[in-house]
Amino acid sequence: MVVDNAAVNYTIRDGVAVITLNNPPVNGLGLSTRTGIVEGLARANSDAAVTAIVITGAGKAFSGGADITEFNTPKATQEPTLHTVIKEVEKSVKPVVAAIHSVAMGGGLELALGAHYRVAAPGAQIALPEVKLGILPGAGGTQRLPRAIGLEPALNMIVSGAPVPSEKLAKSGLFDAMIEGDLLTEAVAFARKAADKQGPHPLVRNRKIEHANAEGFLQFSRNTVGAMSKNYPAPVKCIDAIAAGVKEGFEKGLAFERDCFVELVQTPESRALRHAFFGERAASKIPDVPSSTPVRDIQKVAVIGAGTMGGGITMNFLNAGVPVTLLETKQEALDRGLATIRKNYEAQVKKGKLTQEKAEARMALISPTLSYDDLKQADLIIEAVFEELGVKEQVFKRLDEVAKQGAILASNTSTLDVDKIAAFTKRPQDVVGLHFFSPANVMKLLEVVRGKDTAKDVLATVMQVAKKIRKTAVVSGVCDGFIGNRMIEQYVRQALYMLEEGALPAQVDRAIEKFGFAMGPFRMSDLAGNDIGWAIRKRRYQEKPDLKYSKIADRLCETGRFGQKTGAGWYDYKAGERNALPSKLVDDMIVAYSKEAGVERRKISDDEIVERLVFALVNEGAKILEEGIASKASDIDMVYLTGYGFPLWRGGPMLYADTVGLYNVARSIRRYAAQPNGDAWEIAQSLADKADNGGTFN
Ligand code: T1G
């Protein structure tokens with residue numbers, strides 16, 4: 001007797017047993033779901049009144065695959081495993097039809113591949129995305145998909161992990177029918193007809209893999225994919241598993257795939273990718289703002305300032321089809337801003353990333369204006385004006401006069417105090433920071449800065465807006481530099497100290513780029529403009545005179561070497577070129593500076609460079625958690641993965657610290673604290689405590 005299983009519903013319709021996966025939100029194939037399917041199959045096969053079986057999914061998915069939350073827990077490998085479930089499907093005497101809609105991914109698609117037949121509604125996302133989690137399809141996907149749709153399309157889907165709309169696969173051999181009408185009704189009818197057929201029902205595993213030159217294609221694929229994924233072991237393993245099945249047959253291929261899966265799921269790269277997957281989703285959850293918090297209706301958006309940031313911010317909304325009123329104080333500034341937006345779109349059209357008509361449609365969504373009166377009906381107003389408190393004060397006082405009640409007033413400030421800005425209005429509860437990262441229309445990161453008075457529905461609303469404009473939003477409390485820039489300041493301090501103590505810019509950059517950063521601190525500074533850091537340091541010297549800094553960067557700026565924009569910075573640049581050439585002049589200046597500062601230069605190893613840069617981030621991140629500026633370590637990791645070029649396969653600074661072991665991180669920090677310039681290393685109490693008791697951040 002089968003006990004109805006909460007994660008699976010069992011009903012009979014016209015003599016067909018319908019097994020419905022019901023494990024919200026995406027019918028993840030967790031243990032209870034897997035058990036329910038096996039029990040449902042047994043029940044159907046032992047019920048004489050049942051002639052066939054349909055498996056489908058309730059809610060918004062057929063199935064989003066294995067339940068990732070079970071990974072690295074006993075449940076993941078507890079019987080019935082997905083292998084067992086699929087074997088039971090294939091062994092079923094009565095025909096099993098998978099009725100697919102919305103999403104069939106990973107183990108969900110593998111389950112469907114085990115069925116005798118597959119029917120699908122159009123518009124379903126079909127994918128084997130395991131590679132994006134640093135693993136590979138672990139329930140036969142590398143063996144069945146090539147047999148279902150052919151070696152090349154299957155390999156491309158598995159190695160890319162990219163979803164394909166079901167209608168694009170209509171003639172691929174994957175589906176026995178595409179269902180335009182009611183999926184379940186048609187699936188049941190299909191199953192009844194299948195039951196009338198004599199002889200064993202077809203199995204994907206028995207199909208042949210046809211290819212004119214499988215060996216050559218696989219070798220070519222391995223070489224190209226290997227070159228493109230040097231920091232990720234999974235893509236090449238996908239090809240190895242497919243190849244094993246081609247060469248040695250289905251069963252051996254399946255066994256090899258299993259071994260690869262067990263190996264990959266333990267790798268730090270897979271842990272990092274899964275951490276990023278959940279971290280991205282966890283970031284939108286604010287501990288004291290329930291997901292049921294009502295949101296404000298955002299139809300009309302206004303942006304103040306048509307400069308680099310204002311233009312980029314505007315483009316995010318245009319790309320999401322949201323009209324924007326763009327306000328400037330002078331016509332020529334407004335025209336310049338519009339021209340820049342148009343130029344950006346035209347560049348995308350030239351690259352074939354956008355059609356001309358789409359570009360025109362987006363431009364048409366802009367309502368340029370010089371008058372604040374045109375902001376009266378805006379639901380969300382984002383200012384991106386000059387980064388100076390006095391200017392912000394004028395803007396917010398004006399907004400307080402014209403903006404309608406309930407409008408959200410957001411500042412794109414990257415360094416100023418959002419509470420001070422909110423205090424310029426009579427409605428601090430409607431004020432929030434929306435810190436975009438340049439280029440604002442490209443960088444995924446959005447720091448949502450929560451003022452002490454920011455209302456909860458304002459936060460819930462801007463998190464929803466962030467999702468709509470495809471940003472990874474992370475909530476930060478109010479402090480200097482919020483999360484990202486506050487941490488990067490300590491990173492830069494260490495970089496400058498290391499120049500003073502014996503390193504040179506090219507060595508520091510090379511070491512941290514070898515670790516995986518997209519760009520080292522000196523190339524990055526030359527790109528952003530050394531004068532920006534200079535201005536912040538000058539402010540810092542006023543505000544925090546006790547915060548020691550190497551003056552070496554100021555020395556560079558005093559010579560006017562601001563970076564690419566002046567044709568010379570930490571590096572030299574050939575006219576019109578951007579590649580950074582080590583500068584003898586700067587290197588000599590650095591050596592002379594050490595002498596002047598009375599510092600005995602020494603050889604600094606790449607390992608020390610990486611440790612001091614990354615652990616500076618970790619230590620400051622720990623303080624940010626202690627102060628509640630960030631609510632969880634994964635938020636800090638998401639900031640660094642999406643806004644600062646931290647290597648994805650390492651999962652972010654806080655996960656990396658966990659991987660190294662906080663005991664070892666603390667030991668290194670204490671060692672640097674005892675060296676020259678060690679006063680920069682005041683170890684975070686939470687880090688020291690965790691190091692002592694074996695704790696972790698994540
Ligand atoms: N397991 C557990 N939870 C999942 C999940 C999964 N597979 N997929 C999504 N969620 C949660 C997610 O964390 C979020 O939770 C909620 O569902 C909505 O997700 C053997 C081993 C399916 C396209 O990689 O791509 O099968 O935040 O916001 O935008 O070979 O989720 O609400 O608490 O993304 O509508 C392979 C991953 C697993 C698919 C839906 N499968 N998921 O997108 O919603 S490995 C995947 C997605 C595997 C086998 C191997 C998307 C989606 P919360 P969401 P969405």
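The values are calculated or read from the model by the stated rules, or taken from the named source; none is laboratory data. It should be emphasised that the depicted structure is a prediction, and the values quoted were computed from it without experimental measurement. No Cβ is skipped: glycine too gets one built from the backbone with ideal geometry, and neighbour counts run over all protein chains shown. With ligands, DNA and RNA removed, areas are computed over all heavy atoms of the protein, side chains included. Shrake-Rupley method; radii C 1.70, N 1.55, O 1.52, S 1.80 Å.
Phe71 fulfils the conditions (1) within 12 Å of the ligand (Cβ to nearest atom); (2) among the aromatic types (Phe, Trp, Tyr); (3) modelled with pLDDT of 95 or more except for a single criterion, (3). Beta carbons closer than 9 Å, at least 6 apart along the sequence or on distinct chains, pair a first residue in region 87-114 that is in the same structural domain as Gly161 (by TED's automatic domain parsing) and without any contact (Cβ under 8 Å) to a residue 24 or more places away in the chain with a second that is away from the ligand (no atom under 12 Å from the Cβ) and open to solvent by less than 30 Å² (accessible area, probe 1.4 Å) for Lys91/Leu41.
Checked against (1) of a type in the set (A, V, I, L, M); (2) assigned by TED's automatic domain parsing to the domain that holds Ile149; (3) not in a loop (DSSP other than H, G, I, E, B), Ile209 passes all but a single condition, namely (3). Just one of the numbered conditions (1) more than 12 Å from the ligand (Cβ to nearest atom); (2) of a type in the set (S, T, N, Q); (3) within 13 Å of Ala6 (Cβ to Cβ) is not true of Thr56: (3). Can you find a residue in region 274-284 that is within 23 Å of Asp379 (Cβ to Cβ), outside the structural domain of Glu328 (by TED's automatic domain parsing) and not hydroxyl-bearing (Ser, Thr, Tyr)? No: zero hits.
Can you confirm whether region 549-556 contains a residue that is in a loop (DSSP other than H, G, I, E, B), touching a Gly at 6+ places or on another chain (Cβ under 9 Å) and farther than 25 Å from Arg670 by Cα? No, that holds for no residue. Look at (1) without any contact (Cβ under 8 Å) to a residue 60 or more places away in the chain; (2) open to solvent by 10 Å² or more (accessible area, probe 1.4 Å); (3) more than 11 Å from the ligand (Cβ to nearest atom) and you find that Gly15 fails only one, number (1). Say we look at region 587-607 and pick out the residues that are touching a Ser or Thr at 6+ places or on another chain (Cβ under 9 Å) and within 19 Å of Gln494 (Cβ to Cβ); which of these is surrounded by the most Cβ atoms within 10 Å (Cβ to Cβ)? Applying the filter and picking the extreme gives Tyr593.
Scan Ala76, Ala42 and give me the residue that is away from the ligand (no atom under 12 Å from the Cβ) and over 24 Å from the mean Cα position of the chain (by Cα). Please lay out each step first, then the result.
On the way: Ala76 fails: away from the ligand (no atom under 12 Å from the Cβ).
Of Ala76, Ala42, the one residue that is away from the ligand (no atom under 12 Å from the Cβ) and over 24 Å from the mean Cα position of the chain (by Cα) is Ala42.
Checked against the criteria, Lys247 does not count as open to solvent by less than 70 Å² (accessible area, probe 1.4 Å), away from the ligand (no atom under 11 Å from the Cβ) and among the basic types (Lys, Arg). Report, by residue number, each residue of region 281-299 that is in contact with a strand residue (DSSP E or B) (Cβ under 8 Å, 6 or more places away or on another chain), in a loop (DSSP other than H, G, I, E, B) and either within 13 Å of the ligand (Cβ to nearest atom) or among the aromatic types (Phe, Trp, Tyr) (or both). Ser284, the sole residue that qualifies. You will find that of Glu269, Glu280, the residue that is open to solvent by 30 Å² or more (accessible area, probe 1.4 Å) and either in contact with a Phe, Trp or Tyr (Cβ under 8 Å, 6 or more places away or on another chain) or free of Cβ contacts under 8 Å to residues at least 12 places away in the same chain (or both) is Glu269 and no other. If we scan region 219-242, do we find a residue that is farther than 30 Å from Gly651 by Cβ and either away from the ligand (no atom under 15 Å from the Cβ) or not in a helix (DSSP H, G or I) (or both)? Yes - at least one qualifying residue is present in region 219-242. Look at region 551-567: where a residue is in the same structural domain as Glu500 (by TED's automatic domain parsing) and at positive phi and a partner is open to solvent by 50 Å² or more (accessible area, probe 1.4 Å) and not in a helix (DSSP H, G or I), sitting 6+ places away or on another chain with Cβ atoms under 8 Å, you get Gly567/Ala575. All of (1) over 26 Å from Asn231 (Cβ atoms); (2) in contact with a Phe, Trp or Tyr (Cβ under 6 Å, 6 or more places away or on another chain); (3) within 13 Å of the ligand (Cβ to nearest atom); (4) not hydroxyl-bearing (Ser, Thr, Tyr) hold for Arg118 with one exception: (3).
Whenever a residue of region 120-137 is farther than 14 Å from Ile158 by Cβ, its partners that are away from the ligand (no atom under 11 Å from the Cβ) and of a type in the set (Phe, Trp, Tyr), lying with C-beta atoms within less than 6 angstrom and at least six residues away or across chains, give the pairs Ala120/Phe175. Against the numbered list (1) touching a helix residue (DSSP H, G or I) at 6+ places or on another chain (Cβ under 6 Å); (2) within 13 Å of the ligand (Cβ to nearest atom), Asn27 comes up short only at (1). Once region 144-169 is narrowed to residues that are under 24 Å from Asn72 (Cα atoms) and more than 18 Å from the chain's Cα centre (by Cα), the residue that is farthest from the ligand (Cβ to nearest atom) is Val159. Here's a check for you: in region 686-698, which residue that is in a loop (DSSP other than H, G, I, E, B) and among the small types (Gly, Ala, Ser) is most open to solvent (accessible area, probe 1.4 Å)? Top of the filtered list is Gly694.
Report whether or not Ala633 is under 19 Å from the mean Cα position of the chain (by Cα), open to solvent by less than 10 Å² (accessible area, probe 1.4 Å) and among the small types (Gly, Ala, Ser). So Ala633 fits the description; yes.
For region 60-172, which fully contained helices (runs of 4 or more DSSP H) count at least 1 residues that are open to solvent by less than 10 Å² (accessible area, probe 1.4 Å)? Before you say what the answer is, go through the steps one by one.
Numbers: elements: 74-77, 82-91, 107-114, 141-149, 151-160.
Output list reads 82-91, 107-114, 141-149, 151-160.
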